[in-house]
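Beneath this line is the structure, given in structure tokens, with notes to follow.
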Amino acid sequence: MIVMDDEPLALVNMEKKLKEFNSIEVIKSFTNVKDLLAEGPSLDFQVAFLDIEMPGMNGLEIAKLLKEWNKNIYIVFVTAYRDYAVQAFEINSLDYLLKPISKARLETTINRIQELLHLEKNSTPIRIQHKPILKIQCFGGFVVLHDDKAIHWRTVKTKELFAFLFSNLNSHVPRDTVLDALWAETDYKKARVQLHTTVSYLRTTLSTLGYVDVIQYANGCYILQLEDFQCDAHNLEHLLNSKMETGKLDIKKAEALIQNYQGEYMATLDYPWVTSKANFMNTQFTLLLHDLVEHYTAIHDVKNLEHILLLTLEHNPYSDKAIQQLMKHYIDLDNRASAVKVYNTFRSTLVADLDILPEHETTELFNAISVEV
């Protein structure tokens, strides 16, 4: 690691404290930017302890420079002032130490560094395996598993922030958009502090799972970039995109997705921001059901067709089109009693929930068969 502080006495003091840890090696210390620029690029280091208050380039600016040299360098800020905490976390720093630094507090930081470096060292064999490490279920709720075990989130907001960023995966999300989504009712200054604390918690959680530096902050935006994960919602999108490109639906993958379907997108979560994304994903799922209806109709697979039609109505309980398809299916099977039964249930649901009646075409279809039952 390297250490930088413009005050020689403070630099010596920090070096002395770090040398008390046998696992840490300080390869170079700097008191000015000129020396860092001259020697830094040729040094092999993984961690930088930086004082924030320095002349010329301050520690925050130097951290950005180091990240340009190597995005995997871990930054630890050291300062006598609390005012830089938010900016420090935005640069994706590992930690933020306030002077005077106690041995116990420094030990916590060193332990975090060792843990992350150990995970980084051992991450390659895991990545060689083609089995996704993270399993993310979005339909029916939001469940995240690591090696088939549910992830423990430090706070409720940590989970929600991950859900929000994952819903915008690989997209730059403005900081204020995140604040409006998750902390709309909180004072702006307090919300910013809570956001950056939560980002720190989330980064730590993901880092301990082997996902290091997957959340970046630049130009006022956050971006989550993940690899090696499996997700039902992403499988659906890929399935439909592939169908658009090739003109052919992968039936086996579609059936597997249907079999594991747990309900509407993040249905059990009371997140105000989820509505728009949920509407889109639920529409995507309806498109998949429609494609399967066409497929099973074409190959005269009566059993699977009925299953998909029932699931379509369950997914769209107020849809006249869905009930009409199911009724016509029963009529084709000469099972008019079932057609009448599902109509009556549909009508009762509309009246009870929406205080409306079925569309004229649906009622006409019912009238045409009810006298024959």
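Bear in mind that the values in this text are calculations on the coordinates, not laboratory data. Source: prediction; values computed, not measured. So basically every Cβ, Gly included, is an ideal-geometry build from the backbone, and we count neighbours across all protein chains shown.
What value, in deg cm²/dmol to 500, does the helix sum -39500 (n - 2.57) over DSSP H runs of n ≥ 4 give at 222 nm once divided by the residues of the chain?
Mean residue ellipticity, 222 nm, calculated: -17500 deg cm²/dmol.
Tally Lys and Arg at +1 and Asp and Glu at -1 over the other residues with C-beta under 14 Å from the C-beta of LEU161: what net charge comes out?
Within the 14 Å Cβ shell, the charges total +4.
Looking only at Cα atoms, what is the convex hull volume of the chain per residue, in Å³?
Spelled out: Cα convex hull of the chain, divided by residues, is 175 Å³.
Give me the net charge for the shell around THR205: Cβ to Cβ below 10 angstrom, other residues only, Lys and Arg +1, Asp and Glu -1.
+3
Just to check, using Stokes-Einstein with a Kirkwood Rh over alpha carbon pairs, what's the diffusion coefficient of the range 314-367 at 10 °C and 1.306 mPa s in µm²/s?
Translational D for this selection: 144 µm²/s.
Could you compute the net charge surrounding THR283? Neighbours are other residues with a C-beta less than 12 Å from the C-beta of THR283; K and R count +1, D and E count -1.
-1
Note down the relative contact order for the range 152-227 as a percent, whole number, built from C-alpha pairs under 8 angstrom at least six residues apart.
Details: 66 pairs, mean separation 32.8, N = 76.
Reported relative contact order: 43 percent.
Calculate the spin-label point distance for HIS152 paired with LEU43, positioning each point 7 Å from the Cα along the beta-carbon direction, and give it in nanometres.
Going by the 7 Å Cα→Cβ label model, 3.7 nm.
Between the range 1-57 and the range 221-280, how far is it from one alpha carbon centroid to the other, in angstrom?
46
Quick one: dipole size for the range 152-227, taken about the Cα centre, charges +1 on Lys/Arg Cβ and -1 on Asp/Glu Cβ, in debye to the nearest 20.
Working: 8 positive and 7 negative charges, 50 e Å.
Computed about the Cα centre, the dipole is about 240 debye.
Which far-off residues, 5 or more places away or on another chain, put their amide H under 5 Å from the one on LYS28, with H placed in the peptide plane?
Those lying under 5 Å, H to H, from LYS28 are VAL3.
Can you tell which of LEU169, LEU206, LEU226 lies farthest toward the positive end of the dipole of the range 152-227, using +1 and -1 charges on the Cβ of basic and acidic side chains (Lys, Arg; Asp, Glu)?
Among LEU169, LEU206, LEU226, the one farthest towards the positive end of the dipole of the range 152-227 is LEU206.
Neighbouring Cβ atoms within 10 Å as the yardstick, rank HIS152, HIS234 fewest first.
Listed from fewest to most nearby Cβ atoms, that is HIS152, HIS234.
Residue farthest toward the positive end of the dipole of the chain, with Cβ of Lys/Arg at +1 and Asp/Glu at -1: which of PRO272, GLN325, LEU66?
LEU66
For SER23 and ASN111, compute 0.36 nm times the residue count separating them, minus their Cα-Cα distance, and round to one decimal in nm.
Working it through step by step, the gained length comes to 30.7 nm.
List the lysines whose alpha-carbon lies under 18 Å from that of LYS28, not counting same-chain residues fewer than 8 positions away?
By straight Cα distance, LYS28 reaches LYS16, LYS17, LYS19, LYS67.
Could you give the angle, 0 to 90 degrees to the nearest 10, between helix 103-121's Cα long axis and the longest principal axis of the Cα atoms of the chain?
Approximately 60 degrees, to the nearest 10.
About the Cα centre of the chain, what is the dipole size in debye to 20, counting +1 per Lys and Arg Cβ and -1 per Asp and Glu Cβ, all else neutral?
Its charge dipole is roughly 980 debye.
On alpha carbon coordinates alone, what is the Rg over Rh value for the range 2-121, Rh being the Kirkwood radius?
My calculation of the ratio gives 0.92.
Assuming a ≥ b ≥ c are the square roots of the Cα gyration tensor eigenvalues, decide whether the range 152-227 counts as rounded (a/c under 1.5), prolate (otherwise, with a/b larger than b/c) or oblate.
Working: a/c = 1.83, a/b = 1.30, b/c = 1.40.
Oblate shape, in that a/c is at least 1.5 and b/c is the bigger or equal ratio.
With a Förster radius of 22 Å, plug the Cβ-Cβ distance of THR268 and LEU145 into 1/(1 + (r/R0)^6) and report the FRET value to the nearest 0.05. Numbers along the way, then the final one.
Numbers: r = 16 Å, r/R0 = 0.74.
That gives a FRET efficiency of 0.85.
Starting from the Cα of GLU255, step 7 Å toward the Cβ, then list every residue of the range 278-297 with an amide N under 12 Å from that point.
So the set is 296.
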